[in-house]
Structures are given as structure tokens and as C-alpha cells.
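Report on the structure given below.
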Amino acid sequence: MARYYFIWKDVNSSNMGILMREPVPIIKPEERIEHVTVPGRSGELTVTEGEDVYQSYIQTVHIAVHQKSQVHAVETWLRGDGYVTFSTQSNRRQKARVIGAVTLERKSRNLDWWEGDVQFYCNPLKETLVDEPDMEIDESGGDAFENPGDVVAKPLIQIRGSGLITVTCGGKTLTIDNCVDKWYIDSDAEWVTDKNGVPQEGVCSGDFPVFAKGMNTVLYTGNISKLIIRSRWRFL
């Protein structure tokens, strides 16, 4: 494998004949904040939009491609949206979209090398490259789980149970009035869906459970035999 590379849509850049002469930087995203000026008061108030809310950012990659015959294939590959992984953080992936024109220009009359920049508009939060195994909870408050990520995680929770239930984690409690077996709590999208992924309207109240930074205990009430949780740890 090349010393520096990126993986886009499950394809390694080195397999596309791309050479990267330098690594991309590791970027810590900017927190989304607003500076508010108060009349008669020096300085400004800093107001955050919410906990762990960050701005997307542009990651620019300089690439070189050997042989003109490969240029079209590379330009066709580098478009749309998907997941990108950079060799500087080879165990992380993030959602991204290629923006702007991808223009490769010949840099030498004697050598068939074509160079240019690619810009990825990156989601600020990264995921583990290998999916974490689902957690199974069959006892309320039975185990404590540590969030290894840098920010609050918003899990996907499958409910094996029925009727009136509550699920609590990270100081957040959600109540579902009339659950049906294998319904899902999606704390990222903030909706409850049936087993086919169809959102169920008006069935829940309260706050969607999360994994706060640090240790967390999952609590529940009602007729539940098991919770199956996809943690969705996230990193900066």
C-alpha cells in the first residue's frame, strides 16, 4: 500500500494509480458558535448552538496520476458523496462529498504525470472504520458502558418488547406509548420506526437516549426482553 493514500467509496487511491506526495492534515473541526454583542459591555458573549455541534470543513488533497489514459477514470471516480478515509487517520471514516471541479493538468513535457487538487467537503464527526459489534441489554441497569468517542453518541436501539415502555441513557428518557416488537429508537434522526424503517408518528415523548461522554448505564421499564444497541461512537 502507498505511504499516503485515501479510500473513497471503498476504493483505495493507490489502486487508481494515484500518487500522494504528502499526507493531508488532521483537522479538528470548528465548534458552531455565535458571538453576541451586548450594548454597554466590553467583548462579546459566546453562544454555542448545542452540545458537540461542529462545522463541516473542506479537506484538500493534492494528487498525481501516471498516464493520461487513467485521468478520465480518476475524474469519474472522484464525484458524488460517500465515505472517505485518509491515511493520516486510517482507522476512521467520515461522510463527505467531492465539491468543485477535479482538474488534472500535465506538469512535465517529458513525463506523463498529471496533477491537481481534489476537495472533500467533510462531515466534522468521524466513525470507526470497522463497525462496532451491537450491544445486547437484557437487564435494566445491569452493565455500565464507556463512550470511547470524543462527543455524545446517538445510538440506534432495537426494542424487543411491547406496550408502554421507557428507555433511559445519558440522562435522557424516552417514553413509547404502545411499542410493537422490534421497533427502533433512532436517537440521531430523533424518531421511532417500525421494523421496516417506517417512522411512527405521535407514539413517543421525552428526550431521545444518548451515550454521554464517560460511563453510561442503560435503564428501561415495561415489557422488554432485550435491547440491541448500535452505539455509533463518534470522534473529532
Which one of T37, T168, T60 has the biggest mean-square fluctuation once the chain is modelled by GNM with Cα springs under 10 Å?
-> T37
Under the Karplus curve 6.51 cos²θ - 1.76 cosθ + 1.60, θ = phi - 60°, whole-Hz ³J(HN,Hα) for segment 86-93, x wherever Gly or Pro sits = 10, 5, 5, 9, 5, 9, 10, 9
Two-site FRET efficiency, S205 against V130, from Cβ-Cβ distance with R₀ of 35 Å, rounded to 0.05 = 0.45
What are the ³J(HN,Hα) values, in whole Hz, obtained from phi via the Karplus relation 6.51 cos²θ - 1.76 cosθ + 1.60 with θ = phi - 60°, for each residue of segment 12-29 in sequence order, with x given for Gly and Pro?
-> 7, 4, 5, 6, 9, x, 9, 10, 10, 7, 8, x, 7, x, 8, 9, 8, x
Nearest 20 debye, what's the magnitude of the dipole of segment 6-124 about its Cα centre given +1 on Lys and Arg Cβ and -1 on Asp and Glu Cβ?
-> 480 debye
Put a dot 7 Å past each Cα toward the Cβ at I27 and R109; how far apart are the dots in nm?
-> 3.8 nm
Within segment 81-103, whose backbone N sits under 18 Å from a point 7 Å along Cα→Cβ of D117?
-> 97-103
Which is the longest stretch in the chain that no exposed loop site breaks, taking sites as GluC sites (Glu not before Pro) with a DSSP loop state and at most 14 other Cβ atoms within 10 Å?
-> 52-138
Lys/Arg Cβ at +1, Asp/Glu Cβ at -1, dipole of the chain taken about the Cα centre: which of G149, C204, G171 is farthest positive-ward?
-> G149
Note, segment 31-45: 3J(HN,Hα) by Karplus (6.51, -1.76, 1.60, θ = phi - 60°), whole Hz, Gly/Pro = x, goes 5, 7, 9, 10, 9, 10, 8, 9, x, x, 10, 5, x, 9, 8
Under 12 Å from a point 7 Å along the Cα-to-Cβ line of A189: which residues of segment 139-168 have their amide N that close?
-> 156-157
Which value results for Rg/Rh of the chain when Rg is the Cα radius of gyration and Rh the Kirkwood radius based on the inverse mean 1/r?
-> 1.10
Restricting to Cα pairs under 8 Å and 6 or more apart, the percent relative contact order of segment 135-230 works out to 45 percent
So which of K154/K213; K9/K182; K95/K195 end up more than 20 Å apart by C-alpha?
-> K9/K182; K95/K195
About the Cα centre of segment 143-201, what is the dipole size in debye to 20, counting +1 per Lys and Arg Cβ and -1 per Asp and Glu Cβ, all else neutral?
-> 160 debye
Segment 86-205: spread of alpha-carbon positions along the three principal axes, whole Å, largest first, is 74, 31, 21
Could you pull out the pairs from K28/K172; K28/K226; K68/K126; K28/K68 whose alpha carbons sit more than 32 Å apart here?
-> K28/K226; K68/K126; K28/K68
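Laboratory data are not the source of any read-out in this text; all were calculated from the coordinates shown. Everything quoted here is computed from the prediction, not taken from an experiment. Because the Cβ atoms are built from the backbone with ideal geometry, glycine has one as well, and the counts that use them run over all protein chains shown.
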